[in-house]
Amino acid sequence: MLGLDPSISCRRFSGLRFAPPENDVNLEPSFVYLMTNKPRGTLYLGVTADLVRRVSEHKLGVGRSFTARYNLDKLVWFETFDHIELAIQRETSIKRWSRDWKIEMVEKDNPNWRDLFEDIHPPSFSAEA
């Protein structure tokens, strides 16, 4: 069934349902991401237009959310899209996947379940100044 095979790549998937306008000058990156509390722990899948802000909110436990309740503070996987519609389609597809497929997806690119937040938001050097 469409969207249930973890081997489907973003590019292959993106061309199936949504064709962005060729002259679209308002390309704003969007992200699908997975948060967890430990390797193979509780998983949270989300979509956002501002990954650094959204992951920071999860790390701070902002709001009464699922991620705060289960202390899901580690970004372990994400994909980038040029259009929010594509990101939403991908998130919807992945949400139908089994837990095992999601774990396999993470471990393919991040076998040690390292927190990727520092890759997208390096520590500030202001303390050294």
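The values are calculated or read from the model by the stated rules, or taken from the named source; none is laboratory data. Predicted model, so just to flag it, every value in this text is computed and none were measured. Because the Cβ atoms are built from the backbone with ideal geometry, glycine has one as well, and the counts that use them run over all protein chains shown.
Assorted remarks:
- Number of residues in the stretch 115-129 that are part of a helix (DSSP H, G or I) and either acidic (Asp, Glu) or at pLDDT 95 or above (or both) equals 4.
- Checking each residue of the stretch 37-46 against the condition of being modelled with pLDDT of 90 or more, assigned to a loop (DSSP other than H, G, I, E, B) and either of a type in the set (Lys, Arg) or under 12 Å from the mean Cα position of the chain (by Cα) (or both) gives at least one match.
- For the stretch 51-60, a tally of residues being surrounded by 13 or more Cβ atoms within 10 Å (Cβ to Cβ) and free of Cβ contacts under 8 Å to residues at least 12 places away in the same chain returns 1.
- Residues of the stretch 93-114 that turn out to be assigned to a helix (DSSP H, G or I) and small (Gly, Ala, Ser), as a count: 1
- Every residue from the stretch 61-92 that is buried (at least 18 other Cβ atoms within 10 Å of the Cβ) and part of a helix (DSSP H, G or I): THR67, LEU86, ALA87, GLN89, ARG90, GLU91
- Scanning the stretch 93-115 for residues that are without any contact (Cβ under 8 Å) to a residue 60 or more places away in the chain and touching a Phe, Trp or Tyr at 6+ places or on another chain (Cβ under 7 Å), we see that the one that is surrounded by the fewest Cβ atoms within 10 Å (Cβ to Cβ) is ASP109.
- From the list ASP100, ASP109, ASP73, the lone residue that is over 23 Å from LEU27 (Cα atoms), in contact with a Lys or Arg (Cβ under 7 Å, 6 or more places away or on another chain) and among the charged types (D, E, K, R) is ASP73.
- As a summary of the residue check, ASN26 satisfies the conditions (1) at pLDDT below 95; (2) crowded, with 17+ Cβ neighbours inside 10 Å except for the one numbered (2).
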